[in-house]
Amino acid sequence: MELVLENINKKYNDCYAVKNVNVSLKTGVHALLGANGSGKTTLMKMICGILKGEGEVHFDDIDLKNEYDNYASHLGYMPQHFGYYPHYTVKEFLEYMCIIKNLSPQYSQKRIETLVKQLNLEDKMNTKMKKLSGGMLKRVGIIQALLNEPDILILDEPTAGLDPKERIIFRNLIASLSSTAIILLSTHIVSDIETIADDILIMKEGEIIMHDNYDELLKVVEGKVWELELPTQEGLAIMAQKRVVKSHNRHQSIHMRIVSDQKPHILAQLVNPDLDDLYLYYFEEEPNDETFDH
Ligand SMILES: Nc1ncnc2c1ncn2[C@@H]1O[C@H](COP(=O)(O)OP(=O)(O)OP(=O)(O)O)[C@@H](O)[C@H]1O
Ligand SMILES: [Mg+2]
């Protein structure tokens, strides 16, 4: 199975929201990582055929434009902000989505039952959509995307607003689907994808600037990530000039993690990079006037 995107472009008022995207995705989990406004949602909507622009999208030999119904039958999409009828119960909403997706009633009942169990929403089936918490609503969003057992699963920030337990349920679910579907998920939460993504696409100003597996991507920042502890005043001076991934105030000193091409201080020690470091390397200008406290 392969999802191929060729020369995808989308402009809003002379400004590219998505620019020259050429990507081929096979079965597995692909993470789309990028800052706010980098074009993730726009690209995903184009893959789902709900936003038109330039370029070609095809799944194996099924072309999105020419055979949309066929293409859509292989697709599951969870929008970043999904609309729903507030007065529907969870059960009614999911049944309604099955009808839209043209699924048979017998199949639908079984499928809803399985998914609701998997995502721990059994006791919310008769709750109205408007009464659900953000995390529960996300889970309903994930369920509706999975109703037709999609070969292509597009998830726009599926973990935003989930609590740690819900995140783990989600991660396990995605891992269980990763050998049978092409999954593209966008996120800001780096730790969500470290463990589950087979490869990572980094999007910046509409372009995919990198597409590789975790280990290869980290090579970019190898030898550039430092840890350092300095007296508070001296530490603050360094932090004002460098990209600081995290900092921690200790008694009269500051412990810092810094991404820098050069050794930032004689006492700095090189450490192993992670995806947060890479993200900062691409998305923060140096010098940096913001610090991230995790
Ligand atoms: N309907 C629209 N009209 C005009 N500009 C738009 C429209 N939708 C998106 N844009 C612009 O396109 C760019 C990409 O937006 P998009 O929503 O795809 O980014 P994103 O990566 O999903 O951001 P976020 O992380 O905040 O969800 C932004 O500059 C945005 O302002
Ligand atoms: Mg978005």
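Name the most mobile residue of CYS48, CYS98, CYS15, meaning the one with the largest mean-square fluctuation, in a Gaussian network model of the chain with Cα contacts below 10 Å.
Answer for the Gaussian network model of the chain: CYS15.
Of the DSSP beta bridges with both residues in the chain, give the percent that are antiparallel, rounding to the nearest 5.
Bridges in the chain that DSSP calls antiparallel: roughly 65 percent.
Taking a threshold of 19 Å on the Cα-Cα distance, which of the pairs LYS91/LYS131; LYS91/LYS124; LYS19/LYS204; LYS11/LYS138; LYS11/LYS45; LYS45/LYS110 fall above it?
Flagged as over cut-off: LYS11/LYS138; LYS45/LYS110.
Using every Cα-Cα pair within the chain, state what percent have a distance larger than 36 Å.
26 percent
Mind listing the long-range amide H neighbours of THR127? Cut-off is under 5 Å, sequence gap 5 or more, other chains count too, H placed in the peptide plane at 1.01 Å from N.
Under 5 Å from the amide H of THR127 lie the amide H atoms of VAL90, LYS91, each far enough along the sequence or on another chain.
What is the distance, in nm, between label points placed 7 Å from the Cα along the Cα-to-Cβ direction at ASN126 and at ASP163?
So the two model labels end up 2.4 nm from each other.
Viscosity 1.002 mPa s, temperature 20 °C: Stokes-Einstein D of region 172-294 from its Kirkwood Cα radius, in µm² per second?
136 µm²/s
Please work out the ratio of the alpha-carbon Rg of region 219-291 to 2.2 N^0.38 Å and round it to two decimals.
0.99
Taking a spot 7 Å from the Cα of GLN252 along the direction of its beta carbon, which residues of region 219-240 have an amide N less than 15 Å from it?
The answer is 230-235.
Using a 10 Å cut-off around each Cβ, can you sort HIS81, HIS30, HIS251, HIS265 from fewest to most neighbouring Cβ atoms?
Ordered from fewest to most neighbouring Cβ atoms within 10 Å, HIS81, HIS30, HIS251, HIS265 come out as HIS251, HIS81, HIS265, HIS30.
Report the relative contact order of the chain, percent, no decimals, based on alpha-carbon pairs under 8 angstrom and at least 6 residues apart.
Relative contact order here is 20 percent.
Considering only LEU121, LEU201, LEU75, give the residue with the highest GNM mean-square fluctuation for the chain, with springs between Cα atoms whenever their separation is below 10 Å.
Residue with maximal mean-square fluctuation among LEU121, LEU201, LEU75: LEU121.
So what is the relative contact order for region 1-143, in percent, with contacts set as C-alpha pairs under 8 Å and at least six apart?
19 percent
For a quick check: sort ILE99, ILE202, ILE183 by the number of other beta carbons within 10 angstrom, fewest at the front.
ILE99, ILE202, ILE183
Mean-square fluctuation check for the chain, GNM, Cα pairs under 10 Å: which of VAL21, VAL140, VAL271 is largest?
Ranking VAL21, VAL140, VAL271 by mean-square fluctuation puts VAL271 first.
Arranged from highest to lowest average of other beta-carbon atoms within 10 Å per residue, in what order do the peptides 161-170, 217-226 appear?
In descending order of packing, they fall as 217-226, 161-170.
Only the coordinates and a few stated rules stand behind these numbers; no lab work does. Everything numeric in this text was worked out from a predicted model, so none of it was measured. We place every Cβ from the backbone using ideal geometry, glycine too, and count neighbours over all the protein chains shown.
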